[in-house]
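Reading through the structure tokens given below for one structure.
The values are calculated or read from the model by the stated rules, or taken from the named source; none is laboratory data. Small disclaimer: the values here were computed from a predicted structure and weren't measured. Virtual Cβ from ideal backbone geometry, glycine too; neighbours counted across all protein chains shown. Heads up: the accessible areas ignore ligands, DNA and RNA and are worked out on the full protein's heavy atoms, side chains in. Shrake-Rupley method; radii C 1.70, N 1.55, O 1.52, S 1.80 Å.
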Amino acid sequence: MDKTHQFTPALSIKDLDVDYNAGEHPVAALREINLDLFKGDRIGLVGESGCGKSTLLKAIMGVLPKNARTPNGQILLDKTDLLTTDGETRRKARWARISMITQSALNALNPVHKIGAQIEEAILSHKDIPKEKARERAKELFDLVGVSSERLDDYPHQFSGGMRQRAVIAMALALEPEIVLADEPTTALDVIVQDQIFDRLYSLQAEQGFSIVLVTHDLALVVESCERIVVMYAGMIVETGNTKSITRTPLHPYTAGLRYAIPDLTLDHDPISIPGAPPDLSQPFQGCRFAPRCPMAIDACWQDMPSLEPVGQAEGERLVRCHRANEMNDFRDRLSQQDFWFSETKTNE
Amino acid sequence: MRQFLIKRIWHALLTLFVMVSVMFFMFRMLPGDPTATVISPALYPKAQEALKAQFGLDRPLHEQYFIYLRNLLVFDFGISFHTLRPVAGEIGNRLINTLVLILPSMVVAYAIGAFAGAMVAWKRGSKVEGFLVLLATALQSTPVFWLGMLAILFFSIRLDMFPVGHIVSPGKFPEANLQMYLSLDFLHHLALPFMVNVAYQFCFPFLLMRSTMLSTIGEDYIELARMKGVPENRILYHHAMRNSMLPLATTLPMILGWAVAGSVVIETVFSWPGLGLLMVEAVGRSDYPVVQAAFLLIAVLTVGGTLLADLMYGILDPRITYK
Amino acid sequence: MFRTISRFLAIIWSSPAGRISLSIFCLCVAIATLGPLVAPYGPTERIYDEAGKLVRLSPPTWKHWLGTTLLGRDVMSQMLWGARPALTIGVLTALGTVLIGVNVGLLAGYLGGRVDSILMRITDIFLGLPFLPFIIVLLSLTGQNIWTIIFAMMIVMWRSTARIVRAEVLSLRERQFIAAARTTGASDFDIIYKEIAPNIMPFALVGVTFALAWAIITEASIGFLGFGDPNVVSWGSIIYDAYASQMMYRAPWWVVPPGIAIMVLVTSVYFIGRAYEEVVNPRIKQAG
């Protein structure tokens, strides 16, 4: 990857594992996460809910719940490991360098404080400046995201859903961070507002040059805007690559499932849906986590966890975690048919 | 805001009006001579006749009712059977005595309870938490008069630290005045009932604050504040505790009501000459005018407390729109 | 009904605090039922020694484990007799309270509109009533026996259950299965009592436990203020007798046991209610 980008990554996650202690077995929430993020990047992180996206975000932001453990791995911001550094350094790095646009703007804003005050709070927690200066900055930010700065003294419930989301974006940009994590930033909004918000966010990115990790269950959203895609399943990365090649030639059956779930006029059949649900991670499991839902699973899939490996024949730089990645060309058509996903007979050649 | 205020005040007045009416008819429904609940049988017959005319007791019930209401509006509660003097004159001091005992102890109990509840929830799972929850529940389950008796037994009888009861030493202040309420003697008498009431009243805010905090801590905006890099102390006070105060405020009217109503018990144990003790004594002597007056004042305090807490809630929670 | 209650017990039994509390509560029930049978003396029996002298204010001895009262009564026996009225009055009051509260809440919540606003106005008025003073006034007018005490407590206690139930009914009313029942032409009565009421049961049970705790304490307070049934010995009235005799500070053995008994019983009832509420009310559970 260092060849395509001249710089060292802004954020680098290395071999990260996260466990939750709950009940008898620890939940293997994340396994072997490796991810490099470069300045100005726009990465899409995709997977169904329960696949570990939120855990990864929490780990990066340093707000994992108390019962979480990180037995392995590093989250490097420059050369500092956010997992091992002291609390104060971590607190200062948060938001000033990595900020986040949260999923539900309504719940994320404190209902009893004015929105302006909540933005100022983010600034004042990091900068030793007078209140008036913070206020000015908040005004600037509201201008940036397209909300009248007269409304800084409103309470969250007085804002519409779209305005709240803009306010949360303003808050995320308050300290000119290098990285912005966007966690399903527009799920609660209608399509038109959704487009407006993304337009605004991306033009701000072009101006300010921060990197974005867009986290969503909706592959279509990522396809429209991101350069690279990371697909997660059951706490692991199952496929990465640039957007074009992933949409054209998905190499993991799960990616294929997500891909063919997008309504596509060029295909002559209806969008599919992947049957079943993500696995319960507290249950120990031997093979590929996707095997129980996979129409292509063979014996090997039930026994060994495949590793994330480059696949030579594919276009661009691709990593995939599948025993049968090399045979995908033969299966892709069938994977786009809903019937195939329901086929009981596993193709055990 | 203005409309909301008017509506709430109107509701409070309506509540009081209904209570007054129910009281009036309840006492008139008693078997026997209805005037017996208004005019002391101990008076001379002539004086009785005069009072009957004054209170309109020789007239039909509904007219009596209007006369009664009219009298209430000018704070004329009738004549005490016991002292044969106007009730209004005797009841003012009693009201003050109840307030000086209940209000400060409520404020302190609420402050301690809410703060302790918030802290143990914030440091979830500590041994202190388990102990305090058990202690608060046990205190809440203890009859407060018994708690008072134990306190007297221990602090007054065994240790001889505080007087056994009453508001001041007998004969020291013939007249209840400001000087009395500022005297050390008064404070010395106040200490024990005050502490017992604090111990009793602290339970509810403690338990409620704890459970509210526990759910507040899981809210998204707490996590966002943490992600924003807001220092932990500020998250605790400015976000978690600030938001958790709302349910405490909604239940405040109920609690104020309980506290005032509960004064009956605590005043009895400590022979504290407040409204509650007055009422109990008056019931015992069948001094009905005093019973009614004391009850009404307690009701006014309860309803007034409700009103106050409602308004406070509106200030604390910006989402409440005054409709 | 039977299933709800067995589920109620199962939930309580599943937490350690609930298990201990339930055991204590059952012990108290056992004392209430069997106590009078095993009590060595009657509750108002005066005890004389061999010399024919009244055994007044005897401290605890082997013969009188908890000592005797000013009138020479055995405190231990009084304790055993006194559990029954405390529990009977408490349980009957709690059941009656919840019965009224649930019905008012159901009607107000389901019928809505005029009925709702009138019922809620009435509830608000009752919420403004000073609790104990009202009961005392009522008792002074009606006379004092077990039934008037239960009646007086019920009249002021149903108010909180009514509010909780109404709020719950309001949200249930919009659910699909209610709408479905309505389209099949079920009568309002059927919908209220066959469709909605079973869903209210958990709240009613929580209401019963908290009302029980309140009722036991209130009964004791009434007894202490001297408005209890003069013919019945209950834990509250033992404390009252000690207080009224002015001897309580000389005879701790007389005052301490009934207070502790009330405290332990009510604490266990509170913990039972809370153990159940934590499971029924997911908001609290999530946080815990």
Next on the checklist: Quick test for you: out of A:GLN158, A:GLN165, A:GLN196, pick the one residue that is open to solvent by 60 Å² or more (accessible area, probe 1.4 Å) and touching a Pro at 6+ places or on another chain (Cβ under 9 Å).
Outcome noted: A:GLN158
Checklist entry - What pairs come up if the first residue lies in the range A:321-334 and is farther than 12 Å from A:TYR254 by Cβ, the second is in a helix (DSSP H, G or I), and their beta carbons are under 7 Å apart, counting only those six or more places apart or on different chains? => result A:HIS323/A:ALA300; A:HIS323/A:CYS301; A:ARG332/A:ALA256; A:ARG334/A:PHE340
Checklist entry - Just one of the numbered conditions (1) facing chain B (nearest Cβ under 7 Å); (2) under 17 Å from the mean Cα position of the chain (by Cα) is not true of C:TRP235; which one? => result (1)
Item to check | Residue count for the range B:134-156, restricted to those that are among the small types (Gly, Ala, Ser), open to solvent by less than 10 Å² (accessible area, probe 1.4 Å) and more than 17 Å from B:VAL269 (Cα to Cα) | outcome: 2
Checklist entry - Counting just the residues of the range A:61-91 that are of a type in the set (Lys, Arg) and under 21 Å from B:TYR221 (Cβ atoms), which one comes out nearest to the other protein chains (Cβ to nearest Cβ)? => result A:ARG91
Next on the checklist: Against the condition within 23 Å of C:THR267 (Cβ to Cβ) and surrounded by fewer than 19 Cβ atoms within 10 Å (Cβ to Cβ), how does C:LEU95 come out, does it pass?
Outcome noted: yes
Item to check | Output for the range C:30-54, where each listed residue is open to solvent by 50 Å² or more (accessible area, probe 1.4 Å) and touching a residue at least 24 places away in the same chain (Cβ under 8 Å) | outcome: C:ILE31, C:THR33, C:VAL38, C:PRO40, C:THR44, C:GLU45, C:ARG46, C:TYR48
Checklist entry - Here are some residues: C:ARG73, C:ARG84. Which one is of a type in the set (D, E, K, R), crowded, with 24+ Cβ neighbours inside 10 Å and closer than 30 Å to C:PRO258 by Cβ? => result C:ARG73
Next on the checklist: Taking the conditions exactly as written (closer than 24 Å to A:LEU57 by Cα and part of a loop (DSSP other than H, G, I, E, B)), does A:HIS113 satisfy them or not?
Outcome noted: no
Next on the checklist: If I filter the range B:116-128 down to residues being free of Cβ contacts under 8 Å to residues at least 60 places away in the same chain and either assigned to a helix (DSSP H, G or I) or away from chain C (no Cβ under 11 Å) (or both), which single residue comes out as most open to solvent (accessible area, probe 1.4 Å)?
Outcome noted: B:LYS127
Checklist outcome for this item: Taking the range A:33-58 and keeping residues more than 12 Å from every other protein chain (Cβ to nearest Cβ), hydrophobic (A, V, I, L, M, F, W, C) and open to solvent by less than 10 Å² (accessible area, probe 1.4 Å) leaves A:ILE33, A:LEU37, A:PHE38, A:ILE43, A:LEU45, A:VAL46, A:CYS51, A:LEU56
Item to check | Which listed residue, of C:ILE200, C:ILE216, C:ILE239, is in contact (Cβ under 8 Å) with a residue 12 or more places away in the chain, under 14 Å from B:VAL265 (Cβ atoms) and in a helix (DSSP H, G or I) | outcome: C:ILE239
Item to check | Hits in the range B:56-106 (condition: under 24 Å from the mean Cα position of the chain (by Cα), among the β-branched types (Val, Ile, Thr) and not in a helix (DSSP H, G or I)) | outcome: B:VAL74
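Quick grid of which residues meet (1) crowded, with 18+ Cβ neighbours inside 10 Å; (2) within 8 Å of another protein chain (Cβ to nearest Cβ):
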position	(1), (2)
B:TYR237	no, no
B:MET241	yes, no
B:TRP272	yes, no
B:GLY276	yes, yes
B:GLU281	no, no
Checklist entry - Quick one: is C:VAL279 open to solvent by 20 Å² or more (accessible area, probe 1.4 Å), away from every other protein chain (no Cβ under 12 Å) and under 25 Å from C:SER14 (Cβ atoms)? => result yes
Checklist outcome for this item: For the range A:102-144, the count of residues that are of a type in the set (A, V, I, L, M, F, W, C) and open to solvent by 70 Å² or more (accessible area, probe 1.4 Å) equals 1
Checklist entry - Would you say C:GLU219 is under 30 Å from B:ASP220 (Cβ atoms) and among the charged types (D, E, K, R)? => result no
